[in-house]
Amino acid sequence: PPVPHDHSQFRQTILTPASQKSRFPDLTASNDAILTAEAAVHNRASIVLLGPRATESAFKRADLLRYGLIHFAVHGIASTTDADHSALILLSDPPAGEDGFLQASEIVQLRLNADLVILSACDTAVGTVQGEEGIATLSRAFLLAGAKAVVSTLWSIDDTFSLFLIQQLYRHLAAHETPAHALTAAKRDILQKFGRKVVPYYWAGFTLEGVAGPVL
């Protein structure tokens, strides 16, 4: 169903347990995507936030300047009226004062030093046009926060095909390819693997912004 433009209305809706499940079904491949990332990085200093640990407060508490690669496999919403209200959906943590909405207005205040941020979520490269500033998106918010490059999406993504593309993306990153070459190669891999079954809708929405050398 469409997301209400009134963010306060949407926040009230999503925090209602009965409606949360219907609006945001489980991302069955999200755990596999994150474990793929963790296996590719294979670093003891990595932090993996899965299931009940995937709270907004846990992410913000991390020393984000230490991490060269940040990967989200969550739901995302893009506001067509107020770019600051576009958000990644994490778990809430009321005692910490966090509602689970990692909004663009919060992201730009983070301090990042990541070579690459991967937003495996819907509509993360979608936003409002703001004159000479360009398009205000979640991906741009991460760039403004200090990320050198961001992989994001232009529309709603398919869980199954996206997992394969992400797995191939990490395979190419592990071969010391740049994010741009790795994403291009991953798209070719998905075409070679599935042929006509995988129309552009399933892979063409992934895009890269920024400039970065080899990540892994």
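The values are calculated or read from the model by the stated rules, or taken from the named source; none is laboratory data. Being a predicted model, the structure only gives us computed values, none of them experimental. Virtual Cβ from ideal backbone geometry, glycine too; neighbours counted across all protein chains shown. Heavy atoms of the whole protein, side chains included, go into the accessibility calculation; ligands, DNA and RNA do not. Shrake-Rupley method; radii C 1.70, N 1.55, O 1.52, S 1.80 Å.
Close amide H pairs (under 5 Å, H built 1.01 Å from N) link Leu91 with Thr55, Glu56, residues at least 5 positions away or on another chain. Relative to the current alpha-carbon distance between Arg61 and Ala180, full extension at 0.36 nm per residue lengthens the span by 39.9 nm. Note on Thr207 and Ser156: their simple-model spin labels are 1.9 nm apart, each label 7 Å out from Cα toward Cβ.
In a reduced charge model with +1 at each Lys and Arg Cβ and -1 at each Asp and Glu Cβ, region 65-216 shows a dipole moment near 800 debye about its Cα centre. The fraction of accessible area contributed by carbon and sulfur in region 137-208 is 57 percent, rounded to a whole number (1.4 Å probe; ligands and nucleic acids excluded).
The string of couplings for region 104-110 from the Karplus curve (6.51, -1.76, 1.60, θ = phi - 60°) is 4, 5, 7, 4, 5, 8, 6 Hz, one whole number per residue in order, with x for Gly and Pro.
A dipole drawn for region 145-199 from +1 and -1 charges on Cβ atoms has a positive end, and of Leu163, His181, Val150 the residue lying farthest that way is His181. Relative protection proxy for 109-115, 67-73, from highest mean packing down: 67-73, 109-115 (other beta-carbon atoms within 10 angstrom).
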